[in-house]
Amino acid sequence: MGTTQILFWFLSILALFSAIMVVVSKNPVHSVLWLILVFFSISGHYILLNAQFLAIVNLIVYAGAIMVLFLFVIMLMNLNADTEPQKNKWLKIAGVVAGGALLLVLVAALKDADLKNQIAQTGQGEIGLIHNLGMALFKDYVIPFEITSVLFLSAMVGAVVIGKK
Amino acid sequence: MPINYYIFLSVALFCIGVAGVLTRRNAIIIFMCVELMLNAVNLLLVAFSKMHHLATVAINRNAGIDGQLFVFFIIVVAAAEVSVGLAIIVMMYRNTHSVDVNFLNRLKH
């Protein structure tokens, strides 16, 4: 097993375990911290796939900005394990069964797909570098990029208007 | 790495997110599970972009770059969505002093 395989399995197991811990943690602050670990392992996957720009953006935007926002809101509301509302047992079991059934259906549908020869290139390839992404972003995707700024402006105005009253 | 592994990893992460949305009552945790699902899709998009790149790099040197740009735009939209969503949750907490989504069923009365 090469280094790439070992890193892939390590990051995958870390991501799945942390994702399960996000769902089962009683304390919302612990959930946020586990979710940050999920984002770090997904960024590790991006680096493995040589998508370096997305790895850094994922860390800065998700793990840096969005998760701090979540933490602030949770601390503002003083949520902890004692105030955490719990669904009753049967609803929890039904939810897990529904999620598991979706997993079963998707895996059953995809396991026979003819993808044996398709390899995701790891550790090389230049499309993930910021030079190439920037060229494509500002040549082919410049209109969506500008519309994004309108989206951000409206989101900002919306958040202020909702939060003020 | 074979693309199969990435597909199954993303499917598993997505289903954990779905199970989280269905089993929790805290609105913030539900929101975090939605973020988890978005990230599973992002990972799959990047893996597919690298797969497409490897398959067609001889024809087009920049093949597969669109997938990574879509991931960039998804991250941007997710950031906007989180800011508005958390503002709504804070407003709901101010009115009901709870983040329990079961309280929201009073909308129907």
> Leaving out same-chain residues fewer than 8 places away, which aspartates and glutamates sit with a Cα under 19 Å from that of A:Lys87?
Replying inline: B:Asp100
>> Tell me whether region A:125-165 comes out rounded, prolate or oblate; compute the Cα gyration tensor, take square roots of the eigenvalues as a ≥ b ≥ c, and use a/c under 1.5 as the rounded threshold.
In response: prolate
> Taking A:Lys89 as the anchor, which lysines have their alpha carbon closer than 27 Å to its alpha carbon, excluding any fewer than eight residues away along the same chain?
Replying inline: A:Lys26, B:Lys108
> In region B:24-109, which trypsin sites (Lys or Arg not before Pro) fall in coil by DSSP and have 15 or fewer other Cβ atoms within 10 Å?
Replying inline: B:Arg61
> Mind checking the angle between helix B:65-96 and chain B's longest principal axis? C-alpha axes, 0 to 90 degrees, to the nearest 10.
Replying inline: 10 degrees
>> With +1 assigned to the C-beta of every Lys and Arg and -1 to the C-beta of every Asp and Glu, and no other charges, what is the dipole magnitude of region B:1-104 about the Cα centre in debye, to the nearest 20?
In response: 80 debye
> What's the local net charge at B:Leu54, with K and R +1, D and E -1, over the other residues with C-beta under 14 Å away?
Replying inline: +1
>> Please compute the average number of Cβ atoms from other chains found within 10 Å of each residue's Cβ in peptide B:74-81.
In response: 5
>> What whole-number distance in Å separates the alpha-carbon centres of region A:50-91 and region B:41-63?
In response: 30 Å
> Size of region A:1-84 along its principal axes in angstrom, Cα-based, largest extent first?
Replying inline: 47, 24, 11
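Using a 1.4 Å probe on protein heavy atoms only, how many Å² of accessible area do A and B hide from each other, summed over both chains and rounded to 100?
7100 Å²
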> In deg cm²/dmol, rounded to 500, what helix-only [θ] at 222 nm does chain A give when every DSSP H run of at least 4 residues adds -39500 (n - 2.57) and the total is split over its residues?
Replying inline: -23000 deg cm²/dmol
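Over 31 Å apart: what share of the alpha carbon pairs of the protein assembly as shown falls there, rounded to a whole percent?
I get 31 percent for the Cα pairs in the protein assembly as shown exceeding 31 Å.
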> What does the average come to when, for each residue of peptide A:152-160, you count the partner chain Cβ atoms lying within 10 Å of its Cβ?
Replying inline: 4
> Where Lys and Arg each count +1 and Asp and Glu each count -1, what net charge lies around B:Pro2 among other residues with Cβ under 14 Å from its Cβ?
Replying inline: +2
> What are the ³J(HN,Hα) values, in whole Hz, obtained from phi via the Karplus relation 6.51 cos²θ - 1.76 cosθ + 1.60 with θ = phi - 60°, for each residue of region A:119-124 in sequence order, with x given for Gly and Pro?
Replying inline: 10, 7, 5, 10, x, 8
>> Within 10 Å of each Cβ in A:48-54, how many Cβ atoms from other chains are there, averaged over the peptide?
In response: 6
>> Suppose the Debye formula is applied to equal point scatterers at every Cα of region B:3-108; what is log10 I(q)/I(0) at q = 0.12, 0.14, 0.15 Å⁻¹?
In response: -0.55, -0.68, -0.74
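The values are calculated or read from the model by the stated rules, or taken from the named source; none is laboratory data. Every value quoted in this text rests on a predicted model; they were computed, and no experiment measured them. Reconstructed Cβ throughout: ideal geometry from the backbone, glycine too, with neighbour counts over all protein chains shown. The protein model used for the area step is the full one, side chains on, heavy atoms only, and it has no ligands, DNA or RNA in it. Shrake-Rupley method; radii C 1.70, N 1.55, O 1.52, S 1.80 Å.
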